[in-house]
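The values are calculated or read from the model by the stated rules, or taken from the named source; none is laboratory data. Fair warning: this is a prediction, and the values are worked out from it, not measured in the lab. Here the Cβ positions follow ideal geometry from the backbone for every residue, glycine too, while neighbour counts run over all protein chains shown.
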Amino acid sequence: MRKLAAFVGVVWLSAVVGFVLSPLLIALVVAFSDSELIGFPISSYSIRWFAAAWQKEIFWRSALNSLWLALAAVAVAGPLGLAAALAIRRAPARIAQPVETILMLPLLVPAIVLSLSLLVASVLTGVTDAPLRLWAAHSVVVLPYVVRTCLASLGSMPRQVEEAARTLGADRWRVFRHITLPLIKPGLFAGCAFAFILSFDNVSVSMFLVNQKTPTLPLAIMNYVEYNFDPGVAAVSATMVILSLAVAWLIERWVGIRKVLG
């Protein structure tokens, strides 16, 4: 009976994983098609669509926009998320819990509601510069991931380590620099990596805040497929997927995703 239950569990898990990954795998296969139109299964293989797609200005220019936007968001969310995690860790529970809940709200609020709220806020504050409001919005959206991973790392660090250093005469800055930061660096690195991926791939928030001069890569792909149906868009998507998987692999190899997520 146990063997049957285990077998059914394996089959069910395989079916779920296959269902989730099948669209991704199909897109990756189509990217290597030699056909002029998207079709599956493909009859012949080629890498010409990778070169053809990235020669289009709409893709490489929007990719640069997404790149600087993700790096800028990480530059804000990294230090702020680390500071917030340290404050939550050291604050009393009656204060720490509400603060942590507030910082996690971007994960709980529906994306469309959050996007409209950020758009209204940018209009009310008079922020009409698209790069600036994109930077601020992406920083808000990815901040919870940095806070979460830093809190997970802090949770595995004994409080007595910092107290021992203070007892031996180290000031707060030296304790943070030589003890706290090295111990929580894996969580900070993982949080920044997650923030980069999520900012680079973001659609919902960017859709409401971009203009014609600052399109992001996901939106450029959406606009392209509205009038074109060639495997070039699959090649661009495959490149994004491969880069995201590479970052996730680096996180798992250097840090351990389970470790930083608690």
Some residue of segment 5-24 being surrounded by 12 or more Cβ atoms within 10 Å (Cβ to Cβ), out of contact with any Leu (no Cβ under 7 Å at 6 or more places or on another chain) and not in a loop (DSSP other than H, G, I, E, B): yes
Only one of A84, A52 that is surrounded by 10 or more Cβ atoms within 10 Å (Cβ to Cβ) and in contact with a Leu (Cβ under 9 Å, 6 or more places away or on another chain): A84
Qualifying residues in segment 157-181 (those that are surrounded by fewer than 10 Cβ atoms within 10 Å (Cβ to Cβ) and part of a helix (DSSP H, G or I)) - the one nearest to the chain's Cα centre (by Cα): W173
Within segment 102-116, tally of residues that are among the aliphatic types (A, V, I, L, M) and free of Cβ contacts under 8 Å to residues at least 40 places away in the same chain: 6
Among the candidates L86, L198, L119, L168, residue that is more than 21 Å from A75 (Cβ to Cβ), among the aliphatic types (A, V, I, L, M) and in contact (Cβ under 8 Å) with a residue 24 or more places away in the chain: L119
Residues satisfying the stated conditions in segment 106-123, i.e. out of contact with any helix residue (DSSP H, G or I) (no Cβ under 8 Å at 6 or more places or on another chain), farther than 21 Å from T214 by Cβ and part of a helix (DSSP H, G or I): L108, V113
Segment 201-241, residues that are under 15 Å from R133 (Cα atoms), in contact (Cβ under 8 Å) with a residue 60 or more places away in the chain and not in a helix (DSSP H, G or I): N202, V210, N211, K213, T214, P215, T216
Filter pass, A246 being in a helix (DSSP H, G or I) and either in contact (Cβ under 8 Å) with a residue 12 or more places away in the chain or of a type outside the set (D, E) (or both): yes
Of the criteria (1) farther than 17 Å from R90 by Cα; (2) among the small types (G, A, S); (3) surrounded by fewer than 20 Cβ atoms within 10 Å (Cβ to Cβ), which one A193 fails: (3)
One residue from S44, S115, S35, S62 being surrounded by 14 or more Cβ atoms within 10 Å (Cβ to Cβ), more than 20 Å from the chain's Cα centre (by Cα), under 28 Å from N223 (Cα atoms) and of a type in the set (S, T, N, Q): S35
Tally of residues being at pLDDT 90 or above and either within 11 Å of G232 (Cβ to Cβ) or touching a Cys at 6+ places or on another chain (Cβ under 7 Å) (or both) across segment 28-79: 2
